[in-house]
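Colleague: What follows is a structure written as structure tokens; I'll ask about it next.
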Amino acid sequence: MMQVQLGMEGDIPKRSQSAGTYEWWYFDAIDELQDLAITIILFDGMPMSPYWLEAMPNANAEDYRGYAISLYRNGKKIAGYVHHVNQHDIYMNDDELIIQMGDVTMQRTKDHVYKISIDTFFPHSTNSIKGVFSFIPITANNVNEHKGEGNHCWRLIAPMCEVQGELSIRQYQDESESLVFSGHGYHDCNSGDDALDADYDDWYWGRIPLDEHRTLIYYHYPPCSRHAAFSIAFIADSEHGIRQVEDCSIQLNDVNMTFSLMKIAQTIEISGFISGEPIDLKLTNVNTMEFGPFYYRYATVIQSPQSGSTPFHGISEYFNAHRLRSPLVRSMIKTPMQRV
């Protein structure tokens, strides 16, 4: 149903040049003290774009490259951008990787630090940001493993990062404030060769710190007419590296109807074993950060009998890929194509 790849090699561009293939690099970071959060995605092919979907099965990724950025404060989105780009480049040499999508660039240095620069100071923008971030992976070892099979590949690369950055926020043409960002972060990559709902209808994903040294990462596909439920989870540990949760069970609770008429669980229970020791974790979505006609993004915390409550927040998402088939949903997200 889904391929899973662990390790730094997941950064290496692997999308074929065939029509319908896509690849994206995802980063998020949270500054707990200032209640700031940011998500950054660079796309080599944008499988959520209505223009891409209309061009399928002949969509070429080179024609739909771009980025998506969202900045949040106090759990609310204060700036966001989804742009197709005219100028782009993907460069790989030895251990160095540079991905440039318009005015957003990610560089992985030879010592495996990710440096991301952003500049959305466009004319007539209501809210703009300019910033530079460094994502420094925190792992004890670097495994490179492959698990499972399917049209979509989730490449879990750096589930725990220290993040440092500086950013400026501008309202229209006036710079309103400058901030120094310090917090925890995450990085993965996804790729595929078919429509996102080729293997499943919807999914839940999240990364939530357990404490200063451990982070939970999970994926869950609820059952549908084509397959049974699929659940997988890992705990990234600064001492032990990335370990899979054995006999993983994910239960969805407190299912509510959203404004966009989707039924989404507000609490999730994850159980299983790590190195033979049982774990029992309860995830609670404490705040809706962003929502649309086919997805929700939440600030999430974890409670467990072992650790009680934790002050760390993570980011969780619900994504309904099947909704992208709907002409109504496509019309709702089909704004004039913006190229920068």
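Colleague: Between Gln303 and Asp119, what is 0.36 nm times their sequence separation minus the Cα-Cα distance? Round to one decimal in nm.
Modeller: Full extension from Gln303 to Asp119 adds 62.5 nm.
Colleague: Can you tell me how the range 198-287 classifies by the Cα gyration tensor, rounded, prolate or oblate, using a/c under 1.5 as the rounded cut?
Modeller: It comes out prolate by the Cα gyration axes.
Colleague: Less than 28 Å apart at the alpha-carbon level, and either on another chain or at least 8 residues along: which lysines does that give for Lys14?
Modeller: List returned: Lys110, Lys115, Lys147.
Colleague: At a Förster radius of 51 Å, what calculated FRET efficiency corresponds to the Cβ-Cβ distance of Thr335 and Phe273, to the nearest 0.05?
Modeller: Approximately 0.65, to the nearest 0.05.
Colleague: With the crude spin-label approximation of a point 7 Å out along Cα→Cβ, what separation in nm comes out for Asp194 versus Leu261?
Modeller: 2.8
Colleague: Moving on. Roughly how many nanometres apart are two label points built 7 Å out from the Cα toward the Cβ at His322 and Met92?
Modeller: Computed distance between label sites His322 and Met92 equals 3.5 nm.
Colleague: Grab the alpha carbons of the range 2-333, take their convex hull, and tell me the volume per residue in Å³.
Modeller: About 133 Å³ per residue, rounded to a whole number.
Colleague: Fully extended, how many nm does the chain gain between Ser168 and Glu239 (0.36 nm per residue separation, minus their Cα-Cα distance)?
Modeller: Taking 0.36 nm per residue and subtracting the Cα distance, the gain is 22.0 nm.
Colleague: A further question follows. State whether the range 131-214 is rounded, prolate or oblate according to the following rule on the C-alpha gyration tensor (a ≥ b ≥ c being the square roots of its eigenvalues): a/c under 1.5 gives rounded; otherwise a/b larger than b/c gives prolate, and the remaining case gives oblate.
Modeller: Here the range 131-214 falls in the oblate category.
Each value in this text was obtained by applying a stated rule to the coordinates, not by laboratory testing. These numbers come from a predicted model, not from an experiment. Positions of Cβ are backbone-derived with ideal geometry, glycine not excepted, and every protein chain shown enters the neighbour counts.
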